[in-house]
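Encoded as C-alpha cells, the structure appears first; notes follow it.
The values are calculated or read from the model by the stated rules, or taken from the named source; none is laboratory data. Everything numeric in this text was worked out from a predicted model, so none of it was measured. All Cβ positions, even for glycine, are placed from backbone atoms using ideal geometry, and neighbour counts span all protein chains on display.
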Amino acid sequence: MAGKKVEPEKEKLTTARVQRLKKPGYFWDSELPGFCVRVNPGGSKVYLARYRNDMGQQKWAKVGKHPVNTADEARIQAKSILGDSAKGLDPAETRDKKREAVTVQKLVDQFTEEHVSTKKPATVRNYTSQLKKFVLPVLGTRAVANITTADVSAALNKLRKTKTQWNRVYALLSKLFNMAERWGHRPPGSNPCRGLDKFKEEPRDRFLTDAELMAVGEALDTEQATAEQKLKLQRQGKKEAARAIDAEYIQAILAIKFLLFSGRRKSEALTLRWSAVDMDARTIRLETKTGGLTVDINDQMLEVLQAALAHRILGNPYVFPGRPEKPKPGEKKPEPKPWVNLMKPWERILETAGVWKKGGNDIIKPTIHDIRRTFGTVGAGDVELPHETIGKVLGHKQTSTTAIYARLAGKKRAEASAKIGSAMAKKLNKQA
C-alpha cells in the first residue's frame, strides 16, 4: 500500500551487522522480541530494550552503546530487563529510584575508593582537598541523578575570581559525573558539566631576575642565621627566646635553597629521603613523575645537604623533615612526616627580600615552581647550555628529545648541573 512505512526485515543483531548499519532508524533483533539497535542521524548507535509496564505504558531502556558494548552483551542486558517486565516489574522505575538514593557524598566516596586511590599521592591530595572544600559543602546531600548544569555552575561560582582553580575543580567535577554515568548513577550522556566553558588560562613565563635572586639570596642567609640562633637558644633551654616554629623553620629555608641549586620539583625535594642520597658518589636516586632519575649533587647542593644533615631529626627519614607531632592520649606515636607546605616560608622570604608584598597587585608573585623555571633560564642564558642538556638535568622526558637524552653521558650531566649551580650561587651571593 502506498505511503505505508515498511520496517527493515528482522535479522539477528550481531556486532558485525551493527557496524555495517548506516541509515538512521530502528533495527530489531530476530531472536529476542523487544531488543533493537537505534542508529541516530549523527551515526551513533545505541542498543535498546522496549517493554510495557503493568499499566500498559511503553518504556525504553538503554542496554548498551556500539562499539563500547557488543551485540551479545547488550542482548544479555535486554533479556534481563524484558524478563523483569514480564514479572510485572518496571526496570526504569527501579533504576530511577536507585539513582535518586545515591547522593553526591556517596558518589564521592565511591570515586575516592575506586578512582582517586589509583592516582599519585599529590593528585590524591589535590582531589581530596577540592572535593572537601568546593564540592561536598554545596552538593554533598543532593541526589546525583538530580544534579543539573545550574547546580554545578552554582558550586563553581565562588571560584570565578581564581580562574585556574575554577578550571581544575570543573575538570574534577566533569570526571566525577562521567564516572557516575559509568556506574549507572546517571543516564548516559547526562553529565551536568556539559555546556559550561572553561576560562582561558594565560601561560606563565615568570622567573626571578638577577636583582631578585640577589635579594632572595640575602634574605635566605639572614633567615637561616636567625633560625639557627633561635634553635641554639632552644637547645640551651631558653624556650621563651626561641619559639619552636622559628627554630624548625630552618628546614623550609634549606628546602628552598635546595630547589634553587638543583632545579628539582617541589614534591621531589620535600619527599626526598636520606636513603636516596649518596653523598660519597654525589648522586641522588629519585622516582619522579616521569620515572626513575639520577640527580647529580653539585657543590651548592652538597652544602645544603650537609646543613640538612646537621639539623636532621632523629627517627625521621626525610631530608627536610616536618615538625614532630605529639600523639593524642591513647594513640600511637604518629609516623614521621616531611615538611609539607613551602608557600608561607617562600612568601616570607619574598617579603623580606622586597621582591613581593602580600596584598600588592602590581607584581606577580614568583611561585615555588618558578624557581625551577629560573634554574632552566640560567642554564640556557648564563651558562649557554643546549636545551637538551638542561632537559637532562631537570629530568624532562619530551618525545622530541628522548633520543638525545639517552646519548648524554653522566659526566656531561654532572658538569651541566655544576655549571648551573655555580651560576645560581653567583647570582644569590652577589659574586662577580
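Tabulated results
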{"read-out": "Within segment 108-123, tally of residues that are part of a helix (DSSP H, G or I) and farther than 23 Å from Glu181 by Cβ", "value": "2"}
{"read-out": "Test: residue in segment 179-200 that is surrounded by fewer than 17 Cβ atoms within 10 Å (Cβ to Cβ), assigned to a loop (DSSP other than H, G, I, E, B) and aromatic (Phe, Trp, Tyr)", "value": "yes"}
{"read-out": "Single condition Arg206 does not satisfy, out of (1) part of a loop (DSSP other than H, G, I, E, B); (2) within 30 Å of Pro91 (Cα to Cα)", "value": "(2)"}
{"read-out": "Close pairs (8 angstrom Cβ cut-off, 6 or more residues apart or separate chains): under 20 Å from Ser190 (Cβ atoms) in segment 120-146, among the small types (Gly, Ala, Ser) anywhere", "value": "Val135/Ala155; Val138/Ala154; Val138/Ala155; Leu139/Ala155; Ala143/Ala101; Val144/Ala180"}
{"read-out": "Check on Thr94, among the hydroxyl-bearing types (Ser, Thr, Tyr) and modelled with pLDDT of 90 or more", "value": "no"}
{"read-out": "Helices (runs of 4 or more DSSP H) lying entirely in segment 261-355 (those with 2 or more residues that are assigned by TED's automatic domain parsing to the domain that holds Gly421, small (Gly, Ala, Ser) and closer than 25 Å to Gly421 by Cβ)", "value": "266-270, 299-310"}
{"read-out": "Selection status of Thr294, modelled with pLDDT under 90 and more than 26 Å from Glu212 (Cβ to Cβ)", "value": "yes"}
{"read-out": "Segment 256-273: number of residues that are closer than 14 Å to Asp299 by Cα and of a type in the set (Ser, Thr, Tyr)", "value": "1"}
{"read-out": "The listed residue being closer than 22 Å to Met343 by Cβ, aliphatic (A, V, I, L, M), assigned to a helix (DSSP H, G or I) and at pLDDT 85 or above, out of Ala252, Ala211", "value": "Ala252"}
{"read-out": "Scope segment 137-159; condition modelled with pLDDT under 90, assigned to a loop (DSSP other than H, G, I, E, B) and crowded, with 17+ Cβ neighbours inside 10 Å; matching residues", "value": "Leu159"}
{"read-out": "Condition met for Arg75 (on the phi < 0 side of the Ramachandran plot, without any contact (Cβ under 8 Å) to a residue 12 or more places away in the chain and either charged (D, E, K, R) or not in a helix (DSSP H, G or I) (or both))", "value": "no"}
{"read-out": "Leading residue by the ranking (surrounded by the fewest Cβ atoms within 10 Å (Cβ to Cβ)) among those in segment 111-127 that are polar (S, T, N, Q), in contact with a helix residue (DSSP H, G or I) (Cβ under 8 Å, 6 or more places away or on another chain) and over 19 Å from Lys158 (Cβ atoms)", "value": "Ser117"}
